[in-house]
Amino acid sequence: MARARGQVRGDPNIQGEEIGRINGRGACGVESAVRIKSVADVRMIPQPTVGCRTASALWPWVVNGAKPAVGSAGGGIASMGVVSHYADRNWNSAASGWLFEHAFGRAIDIAGIKLKSGREITVLRGWNTAGDGARLRKMWRAACGLFGTVLGPEANRFHADHFHFDTARYRSGSYCR
Ligand SMILES: [Zn+2]
């Protein structure tokens, strides 16, 4: 019952709360914002506030990307470490691009995952290790196509410690680096 009550946009696989429109400064803000508690039983910590399109893209990524990438290691994924989601800040220095997408709730940054065993796999420490590096690369690769922009440690120094996913659309298709 709790599961049915907490579902977002009629999808029991996305648990959270519908917030509606968030009016931000200037042109910023989020249409149809949702605060996400969990996606396919993976808890999101802290709970990110994103637009519904970004929320919807998270589900196939968690189910078809993140979970298979981790498999049964440590009992599977318990939670995701979220470092940035919607932010009504002065992104003036970033008139376009990946920072800009955060101001419209179209982006989410993920720093790592926690396994059911309690072990943490972080982008910062795991990317260049053998086992976890392969898991993280699979997770990163699986996001490409689901999200319009997918950035990780190879993109630039700003992404050494997290993945950036956003649903901005580019005419040329997804941008993944
Ligand atoms: Zn980001």
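The values are calculated or read from the model by the stated rules, or taken from the named source; none is laboratory data. Quick caveat: nothing in here was measured; it's all calculated off a predicted structure. Glycine also receives a Cβ, built like all others from the backbone with ideal geometry; neighbour counts cover every protein chain displayed.
Mind checking whether some residue in region 39-57 is part of a strand (DSSP E or B), more than 18 Å from residue 161 (Cα to Cα), of a type in the set (Lys, Arg) and modelled with pLDDT of 95 or more?
Yes, the conditions are met somewhere in region 39-57.
Could you count how many residues in region 100-153 are among the polar types (S, T, N, Q), more than 16 Å from residue 175 (Cβ to Cβ) and within 12 Å of the ligand (Cβ to nearest atom)?
The total comes to 0.
Quick one: count up the residues across region 149-177 that are under 16 Å from residue 54 (Cα atoms) and surrounded by 22 or more Cβ atoms within 10 Å (Cβ to Cβ).
The number of residues fulfilling the criteria is 8.
When region 147-177 is examined, which residues are found to be of a type in the set (A, V, I, L, M, F, W, C), in a loop (DSSP other than H, G, I, E, B) and in contact with a helix residue (DSSP H, G or I) (Cβ under 7 Å, 6 or more places away or on another chain)?
160, 168
Residues are listed down the side, and each one gets a yes or a no for (1) in contact with a Lys or Arg (Cβ under 8 Å, 6 or more places away or on another chain); (2) on the phi < 0 side of the Ramachandran plot:
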{"position": "105", "(1), (2)": "no, no"}
{"position": "109", "(1), (2)": "no, yes"}
{"position": "116", "(1), (2)": "no, yes"}
{"position": "119", "(1), (2)": "no, yes"}
{"position": "128", "(1), (2)": "no, yes"}
{"position": "137", "(1), (2)": "no, yes"}
{"position": "145", "(1), (2)": "no, no"}
{"position": "148", "(1), (2)": "yes, yes"}
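Could you list, ordered by first residue, the pairs with Cβ atoms under 7 Å in which the first is in region 159-173 and basic (Lys, Arg) and the second is more than 8 Å from the ligand (Cβ to nearest atom) and assigned to a loop (DSSP other than H, G, I, E, B), at least 6 apart or interchain?
So the pair list comes out as 169/148.
Would you please list the contacts, defined by Cβ atoms under 6 Å and residues six or more apart or on different chains, that run from a residue in region 101-120 that is touching a residue at least 60 places away in the same chain (Cβ under 8 Å) to a residue that is away from the ligand (no atom under 14 Å from the Cβ) and part of a loop (DSSP other than H, G, I, E, B)?
Hits for this filter: 103/28.
Which of the residues that make up region 91-120 are at pLDDT below 75 and either within 18 Å of residue 57 (Cα to Cα) or part of a strand (DSSP E or B) (or both)?
98
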